[in-house]
Amino acid sequence: MINKVVSGADEAISDIENGNTLMLGGFGLCGIPENCITALVKKGVKDLTCISNNAGVDDFGIGLMLQKRQVKKMISSYVGENAEFERQLLSGELEVELIPQGTLATRCMASGYGMPAIFTPAGVGTEVAEGKEVRNFNGKDYLMEYAFDADFAIVKAWKGDTAGNLIFRSTSRNFNPVMAMAGKITIAEVEELVEAGELDPDHIHTPGVFVHRIFQGANYEKRIEQRTVRTKN
Amino acid sequence: MLDKDGIAKRIAREIKDGFYVNLGIGIPTLVANYIPAGINVELQSENGLLGMGPFPFEGEEDADLINAGKQTITTLPGSSIFDSALSFGMIRSQKIDLTILGAMEVSENGDIANWKIPGKMVKGMGGAMDLVASAKNIIVAMQHVNKAGESKLLPKCTLPLTGVNCIKKIVTELAVLDVLPGGGFKLIERAPGVSVDYIRQATTGKLFADDDVPEMIFD
């Protein structure tokens, strides 16, 4: 078997170059590849196009890459909660393409499923539809949206094995499995890496065939963006 | 005239037993507090959860378990978790019975604008465009007029659209209105003590009202 296990985030991202297109898993700060983001900041690679549902916060997640002006373009569905992002957007340093969240997920899915495009009703009749082909099926209009073409997909899983199989935990699953299927090279960082054979095949969310590099991450902060609680009685 | 909780309470009466429901941010979130006893619903959170429960008790927050508003939450018995593509698959294939969301403007043909104000920082549409384009039943929860006192129920939306021809029902602090298939707002119920004339003045779009419009009933 090909060895997919790498020593850590630095090795995993070592061949990411200026100008590459990256998919980064996560929803808000939930399920983001913290170790790889730290390594990308350290490496200082620039002019990146990042496909990710959100852009982190000022001092965490993709926000750390924005601080170092490593991102040329963000493709996201929602980008609030980030003052540096807003500043770069308004000053023209950063290009942003906002697309509906389901369209984002499904364009990842199409890529991983080997389909060049999908048809979705999201955005019909809005500015999202500008310049896009509209097709009518059974009396309803749909936009043609292309599959993403990403050089690397970087995902975070709960558990993984040396064969690259992944299991996600709770809602930190979000975009991770669809992005894992969509990268030309997929890098997975996991909280716990085990030997092949230790995970139940019935419980695998992402089959190892989609994962090219895997490592056990360290020092997960797992920051909570909106801590909401109730008190007992 | 209703407060935000009153709007949420009135909308909760539209929810039927066994519904799968997606609640947007703002007033829609409050609807969860007023689901009548004996009515079982499963709340969908589009980041990948069906069966969303209340906020966790202090100290029991789980960073891996959040809703689409990025708030820490819990799951209820019978809940399930899935990825983002599958989540929007169940939205697009109309498995979600009811979507409740806020709006800046609704037009008399059911167009909705709720994601962008030109000249202001644009944060994005999130899942709103997917939801309004596919949901079979959408209720808008909003104030009847904006902060400047201008009607939010218009002949045509002035802000960039989120979706076209998709809104069926609107609940405001003043009224319950249906969007008629041929265009126009049909006044269904008045908030307690609010007259038809008052509602008419707060509605710039075409308003149809019978002679005798009932007041809302709360259990």
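Residue B:178 contributes about 40 Å² of solvent-accessible surface, heavy atoms of the protein only, 1.4 Å probe. Given the options B:90, B:142, B:52, state which has the largest fluctuation in a GNM of chain B using a 10 Å cut-off (strictly under) for Cα springs. Ranking B:90, B:142, B:52 by mean-square fluctuation puts B:90 first.
Contact order normalised by length for chain A, with contacts defined as Cα pairs under 8 Å and 6 or more residues apart; what percent is it? Don't skip to the end; give the middle numbers.
Working: 534 pairs, mean separation 53.4, N = 233.
Once normalised by length, the contact order is 23 percent.
The figure for residue B:7 is an accessible area of roughly 0 square angstrom, using a 1.4 Å probe on the protein chains alone.
Share of pairwise Cα-Cα distances greater than 36 Å in the protein assembly as shown is 30 percent (whole percent). Once you sort the root eigenvalues of the Cα gyration tensor of the stretch A:23-142 as a ≥ b ≥ c, which label holds: rounded (a/c under 1.5), prolate (a/b larger than b/c) or oblate (the other case)? Here the stretch A:23-142 falls in the prolate category.
What accessible area, summed over both chains, is buried at the B-A interface (1.4 Å probe, Å², nearest 100)? Each step should come with its number before you reach the end.
Numbers: alone 11400 and 11880 Å², together 19060 Å².
Looking at B and A, the buried total is near 4200 Å².
Count the lysine pairs in the stretch A:1-83 whose Cα atoms lie under 19 Å apart, taking only pairs 8 or more positions apart in sequence or on different chains. Please report the intermediate quantities before stating the final value.
Values: A:42/A:68; A:42/A:72; A:43/A:68; A:43/A:72; A:43/A:73; A:46/A:68; A:46/A:72; A:46/A:73.
The result is 8.
Couplings 3J(HN,Hα) of the stretch A:112-129, computed from phi: x, 9, x, 10, x, 7, 9, 10, 9, x, 5, x, 4, x, 10, 5, 5, 7 Hz, in residue order, whole Hz [Karplus 6.51 cos²θ - 1.76 cosθ + 1.60, θ = phi - 60°; x for Gly and Pro]. A 1.4 Å probe over all protein chains sorts A:178, B:41 by accessible area into B:41, A:178, starting with the largest. Exceedance of the 21 Å cut-off in Cα-Cα distance is limited, within the set B:168/B:206; B:4/B:206; B:4/B:152, to B:4/B:206. For a test of the definition: using alpha carbon positions, the gyration tensor, and the 1.5 limit on a/c, classify the stretch A:141-233 as rounded, prolate or oblate. Judged from the Cα gyration tensor, the stretch A:141-233 comes out oblate (a/c at least 1.5, b/c at or above a/b). In order along the stretch B:146-151, the Karplus-derived 3J(HN,Hα) couplings, from 6.51 cos²θ - 1.76 cosθ + 1.60 at θ = phi - 60°, round to 7, 5, 7, x, 8, 4 Hz, and Gly and Pro are given as x.
What does the C-alpha gyration tensor say about the overall shape of the stretch A:176-219? Classify as rounded when a/c is under 1.5, otherwise prolate if a/b is larger than b/c, or oblate. Oblate. Between B:45, B:79, B:151, the Gaussian network model of chain B with springs among Cα atoms under 10 angstrom shows the greatest mean-square fluctuation at B:79.
Proximity of backbone amide H atoms, modeled 1.01 Å from N, is registered between residue B:154 and B:106, B:107, B:108, B:205 at under 5 Å, excluding neighbours fewer than 5 places apart on the same chain.
Probe radius 1.4 Å, ligands and nucleic acids left out: which of B:20, A:113 has the largest accessible area, and how do the rest follow?
On the way: B:20 85, A:113 140 Å².
Greatest to least solvent exposure: A:113, B:20.
Annotation for the stretch B:169-184 versus the stretch A:18-94: alpha-carbon center distance of 41 Å.
Choose one answer from A:89, A:193, A:22: the residue with the largest mean-square fluctuation in a GNM of chain A with alpha-carbon springs under 10 Å. The residue with the greatest mean-square fluctuation here is A:89.
Just to confirm, what accessible area per residue do you get for chain A at 1.4 Å probe, in whole Å²? Intermediate results must be reported in sequence, preceding the final value.
Working: 9800 Å² over 233 residues.
It amounts to 42 Å² per residue over chain A.
The value obtained for chain A, namely the Cα convex hull volume divided by the number of residues, is 172 Å³ per residue. With all protein chains in place and a 1.4 Å probe, the accessible surface of the protein assembly as shown carries 49 percent carbon and sulfur. The local environment of residue A:91, defined by Cβ-Cβ distances under 14 Å, has a net charge of -1 under the rule Lys, Arg +1 and Asp, Glu -1.
The values are calculated or read from the model by the stated rules, or taken from the named source; none is laboratory data. Source: prediction; values computed, not measured. Cβ atoms come from the backbone with ideal geometry, glycine included; neighbour counts cover every protein chain shown. SASA here: full protein model, heavy atoms, side chains in, ligands and nucleic acids out. Shrake-Rupley method; radii C 1.70, N 1.55, O 1.52, S 1.80 Å.
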